[in-house]
Structure formats: C-alpha cells, structure tokens
Amino acid sequence: MTDRREAGYTMLEVTMVAAMLMLLLGAFYKSSQSFTSSLRVNERTSAVSDRLDFAMHVVEQAIRPADAASFKSVATDADVQRSTLLGKLLPILGDWQKVALDVPRTTLQFLTATKTESTASVPTTTTTTRGLRFVRDPGELANGRDDNANGLIDEGRLVYDTGTEVVTVLPGVESFSMTVDGRVVRVMIRIGQKDGGRVYRATLNRSIYVRNSSG
Ligand SMILES: [Ca+2]
Ligand SMILES: [Ca+2]
C-alpha cells in the first residue's frame, strides 16, 4: 500500500515537473526567438550603414580633388524662378550652370585635375570633367509616397560619372543632396533597404573640403 502511494505521489511529481519544464521551455523558446530577431535587426541595420559608409567614401574621393570654381549643377525650375526674381539672365532648364551657393542640389559637375606620369617620367596634369547625380527610379515620383510599392519612398540611385564611365554608386537612395558653400560641399544621403517585410533606413551627413580651389 505504501509502495502504491509512493508510486502515485511520484507520478504526480513527474507530471508537475513535466508541466514546469514545458513552461520553462516555452519561455526559453520565446526569449531565444526574440534574441534571434533582435540579432537579425542589428545585422540588417549594420549592413545598411556599411553600404552607406562605402558610398559616402566614394563621394568624398570624387569631390575632394575638385576645383571649387568649376562646380556646376543642372538648372531647375527653382533656378529659373530665382533668376527671374533677381532680374538675372534666365538659365535654360536642364542645362549645366554655375552652382548657386547654399542651395541643395541633386546634381553636381566639376573639374578634377589629376597628375599623371608621362613616358619621360615628367608629371603632366590632366583635367577631367566628373559628376554626381541622383536618378529617380522609374515609377517613383518626388511626392513623399511609395509609388511603386517596394517599401521605399521617392527612391532612386546615386550615379557617378568618372569622366570615362558612368557607374551606380548606391541604389535605394531615398534622399540625396549636395550643397556647395565656398570650398565645402555638404553631402546628405538617406537610404532604405527592404528585408523580410521591414524597411531598414540610415542617413549620413558629411562636409567635404575641396582641396584644389582656384576660386
Ligand atoms: Ca518606392
Ligand atoms: Ca514617390
């Protein structure tokens, strides 16, 4: 009789311990899921920041050797309106014109002087016209909305014309501007990347000092 009671009591204990174990396992599973999820978010956020850092580095390398007196940007509606107000000669829409200071631009063209060694080992200077511009993706308009339903807003790509080829530096750019202020160009880039139903975003601002200024 004692043996049966002990055996029953043991079964009850086993059931209770099993139930507690299930609860503990459930809690552990939930917390490990949450940990994995936050780890994934950190990884994605870090990957987006790395892409942005790399693109900003390319932009810096492109702009730093530019001649500050050579900065031009594509004339926009705002330029035409500003020239009208100031009684200046009206720029032609879409044409490259001398950049107005302190006005954020999505296009910038500049001359870069590069020294190269000739066959006689005498350095010669070559001047190259280079440019950076933002090209909005097809199906997107600058209206603060996601027109092509890919999670990103008003997005496009950052394009670099090296003088010999045109390359895409960064896709998924939601906002991009370059503001010339004397020998400083202030660059702002914001990107987004959709991954697993979530959009990861990062923004970077940098002031780039132009070395070769003749202005
Ligand atoms: Ca979009
Ligand atoms: Ca849009």
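The values are calculated or read from the model by the stated rules, or taken from the named source; none is laboratory data. Quick caveat: nothing in here was measured; it's all calculated off a predicted structure. Glycine gets a Cβ as well: all are built from the backbone with ideal geometry, and neighbour counts include every protein chain shown.
Worth a mention:
- Selection status of Leu108, among the aliphatic types (A, V, I, L, M), assigned to a loop (DSSP other than H, G, I, E, B) and either more than 14 Å from ligand 1 (Cβ to nearest atom) or surrounded by fewer than 19 Cβ atoms within 10 Å (Cβ to Cβ) (or both): no
- Entry remark, segment 144-169: residues being within 16 Å of ligand 2 (Cβ to nearest atom), touching a Pro at 6+ places or on another chain (Cβ under 9 Å) and either in contact (Cβ under 8 Å) with a residue 12 or more places away in the chain or not in a loop (DSSP other than H, G, I, E, B) (or both) number 3 in total.
- Filter pass, Phe134 being within 16 Å of ligand 1 (Cβ to nearest atom), at pLDDT 90 or above and among the aromatic types (Phe, Trp, Tyr): yes
- Count - residues of segment 81-120 that are on the phi < 0 side of the Ramachandran plot and over 29 Å from the mean Cα position of the chain (by Cα): 17
- Considering (1) assigned to a strand (DSSP E or B); (2) within 18 Å of Val184 (Cα to Cα), the lone condition that Phe134 does not fulfil carries the number (2).
- Subset tally (residues that are more than 25 Å from Thr112 (Cβ to Cβ) and free of Cβ contacts under 8 Å to residues at least 40 places away in the same chain) for segment 173-191: 3
- Test: residue in segment 69-76 that is aromatic (Phe, Trp, Tyr) and either over 24 Å from Ile208 (Cα atoms) or in a loop (DSSP other than H, G, I, E, B) (or both): yes
- Selection count, segment 180-202, where residues are closer than 20 Å to Val103 by Cβ and either basic (Lys, Arg) or surrounded by fewer than 18 Cβ atoms within 10 Å (Cβ to Cβ) (or both): 7
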